[in-house]
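Written below as structure tokens is the structure these notes are about.
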Amino acid sequence: MKKKKIKFATPLISSKEKKEVLKVLDSGIYSQGKKCKQFEKNFKKFTNAKFASAVNSCTSGMHLFYFSLGIGKGDEVIVPAQTHTATAHAVELTGAKPIFVDCKLDDGNIDLSKIEEKINKRTKAICIVHFLGFPVEMDYLKKISKKYKIYLLEDCALSLGAKFKKIHTGLWGDAGVFSFYPTKQITSGEGGMIITNNKKIYKKMSLQKSLGVKQSFLERKIPGIYDTVDIGFNYRMSEIHASIGIEQLKKFRNFLKNRKKNFFYLKEKIEKLNNLKILYSQKKDSINAYYCMNILFLDKSLRQRNELILELEKNNIGVSVNYPQPVPRMKYYKKKYLYKKKQFLNAEAISDKSISIPLGPHLKTKDLNHIVNTLKKILT
Ligand SMILES: Cc1ncc(COP(=O)(O)O)c(C=O)c1O
């Protein structure tokens, strides 16, 4: 019989999430209610953040961060070349210019040695991504951001649960933003969470995520009476999404335990195959979040890498590429900022010569073995 497809990622939703969603639907309160507040409270406790603010995506949370700080036209923000488009879009949307920096080949994280040379008087912020859930060395970046008096944002889309030197990712910078897109470590459907220890940043972002309206629905003393004190967006998370997020967060520790177990099970077996490299790093006193496993084939051409993906798919293994192009090579950015070949050698290598294989908690041992055996068959 045909083997069931092993998905690259899939949300693990049980009767708990379904029950809570139904409760919200029955309550008639779909926005600005108690569920978002509860999710924020639980998230604060989980990460040890002073403040948390739920938003409708990681992209909107990051855009809001720059917007609330007045970053815009004429400003520059340093971002990794090897990331999701969203990291750069959040900057681009403000009118500021993303300045791309290449990554390292060991774990795909931004190359810290190349950041300082990009800083000038237009630089207003640095945004880093904890690539695949491997935390970046934030103590170095904190020093740099202090030295040049620039903001530091952590794109934590892939790093829920990841800590650098015992501190949760997102808390080293001025803020961190998480994603609850369905492929992520936990999901709320769509959604994101901003965390920060800075009250001023939290207050401004919370106000502007909700149209600059001073009294949110729950805070109004007289129904229907409110004032608008600032410009803003509607970047709020709905109560329905928050109710899913609350239940997912409760399951997270178990999810992460399985992700880690699956990562090392696969790593031990796949590493034995020739001519490949698994992206990985383990920093002292730090915890990885193991989003997926990137396998790099430096001796393969782009065509051979793509054939490998198709072959794995034929064998019912869901594969992805994180990420399929360095952002500055994506059409929009390429045209606008005139990308030059070989400018981001390591990001290009990861985009053109790597595959991302699943390791989520949805995998059974037989799935892991199928992935290993199929790779073995194809590669030898
Ligand atoms: C590194 C990174 N940043 C940001 C995002 C965007 O997240 P969202 O879809 O929640 O806006 C993603 C999405 O996959 C991502 O991988």
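Residues that are more than 14 Å from the ligand (Cβ to nearest atom) and either within 27 Å of residue 14 (Cβ to Cβ) or of a type in the set (Gly, Ala, Ser) (or both): does segment 127-142 have at least one? No, segment 127-142 contains no residue that is more than 14 Å from the ligand (Cβ to nearest atom) and either within 27 Å of residue 14 (Cβ to Cβ) or of a type in the set (Gly, Ala, Ser) (or both).
Being in a strand (DSSP E or B), under 24 Å from the mean Cα position of the chain (by Cα) and surrounded by 19 or more Cβ atoms within 10 Å (Cβ to Cβ) is the requirement here; does residue 350 meet it? No; evaluated as a whole, the condition is false for this residue.
Pairs linking a residue in segment 280-303 that is over 25 Å from residue 7 (Cβ atoms) and outside the structural domain of residue 169 (by TED's automatic domain parsing) to a residue that is assigned to a helix (DSSP H, G or I) and at pLDDT below 95, with Cβ atoms under 7 Å and 6 or more positions apart or on different chains, do not occur.
Residue-wise test of (1) assigned to a strand (DSSP E or B); (2) surrounded by fewer than 23 Cβ atoms within 10 Å (Cβ to Cβ); (3) not hydrophobic (A, V, I, L, M, F, W, C).
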| residue | (1), (2), (3) |
| --- | --- |
| 158 | no, no, no |
| 181 | no, yes, yes |
| 184 | no, no, yes |
| 194 | yes, no, no |
| 224 | no, yes, yes |
| 242 | no, no, no |
| 255 | no, yes, no |
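Output yes when any residue across segment 108-115 is farther than 24 Å from residue 331 by Cβ, aliphatic (A, V, I, L, M), crowded, with 18+ Cβ neighbours inside 10 Å and free of Cβ contacts under 8 Å to residues at least 60 places away in the same chain, and no when none is. Scanning segment 108-115, I find at least one residue that is farther than 24 Å from residue 331 by Cβ, aliphatic (A, V, I, L, M), crowded, with 18+ Cβ neighbours inside 10 Å and free of Cβ contacts under 8 Å to residues at least 60 places away in the same chain, so the answer is yes.
Is it the case, given these coordinates, that residue 127 is at pLDDT 95 or above, within 13 Å of the chain's Cα centre (by Cα) and under 15 Å from residue 100 (Cβ atoms)? When the stated conditions are applied, residue 127 passes them. Of all residue pairs spaced 6 or more apart or on separate chains, those with beta-carbon atoms under 8 Å, a first member in segment 312-338 that is within 10 Å of residue 351 (Cβ to Cβ) and a second member that is at pLDDT below 95 and assigned to a loop (DSSP other than H, G, I, E, B) are 329/339. Residue check: residue 203 meets all listed conditions (1) basic (Lys, Arg); (2) more than 19 Å from residue 108 (Cβ to Cβ); (3) in contact with a strand residue (DSSP E or B) (Cβ under 8 Å, 6 or more places away or on another chain) but one, namely (3). Would you say residue 189 is within 20 Å of residue 45 (Cβ to Cβ) and either in a loop (DSSP other than H, G, I, E, B) or at pLDDT below 95 (or both)? For residue 189, the condition - within 20 Å of residue 45 (Cβ to Cβ) and either in a loop (DSSP other than H, G, I, E, B) or at pLDDT below 95 (or both) - is not met.
Residues in segment 279-304 that are outside any loop (DSSP other than H, G, I, E, B) and surrounded by 18 or more Cβ atoms within 10 Å (Cβ to Cβ): 287, 293, 294, 295, 296. From the list 245, 224, the one residue that fits, being among the small types (Gly, Ala, Ser) and free of Cβ contacts under 8 Å to residues at least 60 places away in the same chain, is 224.
Just a yes or no: is a residue in segment 112-119 at negative phi, assigned to a loop (DSSP other than H, G, I, E, B), within 16 Å of the ligand (Cβ to nearest atom) and of a type in the set (A, V, I, L, M)?
Let us first name the residues in segment 112-119 that are at negative phi, namely 112-119.
Retained after the next criterion (residues that are assigned to a loop (DSSP other than H, G, I, E, B)): 115, 119.
Adding the requirement that they be within 16 Å of the ligand (Cβ to nearest atom) leaves none.
Among the residues of segment 112-119, not one is at negative phi, assigned to a loop (DSSP other than H, G, I, E, B), within 16 Å of the ligand (Cβ to nearest atom) and of a type in the set (A, V, I, L, M), which makes the answer no.
Selection of segment 164-175 for residues being touching an Asp or Glu at 6+ places or on another chain (Cβ under 9 Å) and crowded, with 22+ Cβ neighbours inside 10 Å yields 164, 169, 170, 172, 173, 175.
The values are calculated or read from the model by the stated rules, or taken from the named source; none is laboratory data. Predicted model only: the values in this text are computed from it and were never measured. Neighbour counts are summed over all protein chains in view; Cβ atoms, including those assigned to glycine, are modelled from backbone coordinates with ideal geometry.
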